[in-house]
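Comments concern the structure below.
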Amino acid sequence: MVTLCSAARPLASLLRRHVLRRAWSPRIVPARRCNLLACSSKYVLSQIHPMWQEPLAIPGGDRQSPIDIAVRKSVFDSELKPLVYDYDPQTCQQIWNNGYSFLVEYDDTTDKSTLKGGPLQDTFRLCQFHFHWGESNAWGSEHTVDRRLFPAELHLVHWNADRYSLFEEAVMEDNGLAVIGVFLKVGKRHEGLQKLVDALPAIRHKDSVVEFTRFDPACLLPANTDDYWTYHGSLTTPPLTESVSWMVMKQHIEVSHDQLAVFRSLLFTSAEEDVQRSMVNNFRVQQSLCSRTVRSSFSPFLQEADADQHAH
């Protein structure tokens, strides 16, 4: 079993890992509702993760994530600014298989890796990023766009350092978190992702942690980060707190089938367990939008009109 590369880890990192055991605790998702593309009768997701096998107490309940983004029902907001991200690769610390996904964790004790702008009024510090993916390229993302599924989805998790003193506090409070969502599509190999992919075999089993440094998460963002949808939502794993400002990128990134295959080679289980289970389908079933509005930083109708004009 892989052990920590460094015997002495900062107290803040230990605290974060403790709370992430709770917030992203190891527990596989029921099959998606069958009105989604991947859920025709011949597609039955093969595994159910313990996280979703029992009823969960949902705080509030009417601002849950993920959701389907209906493009024509989203509301263009001209006040939405471009996102401003400033990530320092030196703050990257480690990768951890928490039994549900893998987390690339960052030192968030200072404002060295931050996100602001967009719908945000405060400065948010990068805490970690992780992915959700399916057992097939036909599904895997948590959010969808007009019911379209993607093979995987990246989440960059930030917490509000202007209002709160610790991630552990922010995760439980209003306006505490800001998460960037990026869809992954199968295509050409993603060169920036490859360093991470190469490190994943070392954390194949649950609870494995290895040192991982100098990784710039900005390399995983699409070329266009100005076009995004935003809405108020929740974590998609327990404690499901409704503390998240979501910013879902319109533009996806491309990764190769082989790179996603390495994601799928990870395990939900520890080395000591008799039955080993592949880490796939680690997404939450979609939630109702309820009375929320999804805002967009771009106008799809204006873009369609521009495209028509160029066509003529």
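Summary table
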| item | result |
| --- | --- |
| Residue within region 259-275 that is part of a loop (DSSP other than H, G, I, E, B), surrounded by 12 or more Cβ atoms within 10 Å (Cβ to Cβ), at pLDDT below 95 and touching a helix residue (DSSP H, G or I) at 6+ places or on another chain (Cβ under 8 Å) present | no |
| Subset tally (residues that are touching a helix residue (DSSP H, G or I) at 6+ places or on another chain (Cβ under 8 Å) and farther than 30 Å from Arg163 by Cβ) for region 174-190 | 4 |
| When residues of region 75-97 are limited to those that are under 17 Å from Asn224 (Cα atoms) and among the aliphatic types (A, V, I, L, M), the one surrounded by the fewest Cβ atoms within 10 Å (Cβ to Cβ) | Val84 |
| Residues of region 135-150 satisfying the condition of being part of a loop (DSSP other than H, G, I, E, B), within 19 Å of Ala70 (Cα to Cα) and in contact with a strand residue (DSSP E or B) (Cβ under 7 Å, 6 or more places away or on another chain) | Gly140, Ser141, Glu142, His143, Arg147, Phe150 |
| Residue count for region 278-312, restricted to those that are touching a Phe, Trp or Tyr at 6+ places or on another chain (Cβ under 6 Å) and at pLDDT 95 or above | 6 |
| When residues of region 213-229 are limited to those that are in a loop (DSSP other than H, G, I, E, B) and under 15 Å from the mean Cα position of the chain (by Cα), the one farthest from Phe129 (Cα to Cα) | Pro222 |
| Residues satisfying the stated conditions in region 178-203, i.e. over 20 Å from Cys92 (Cβ atoms) and basic (Lys, Arg) | Lys185, Lys188, Arg189 |
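The values are calculated or read from the model by the stated rules, or taken from the named source; none is laboratory data. All of these numbers come straight from a predicted model, not from anything done at the bench. Backbone-built Cβ (ideal geometry, glycine too); neighbour counts: all protein chains shown.
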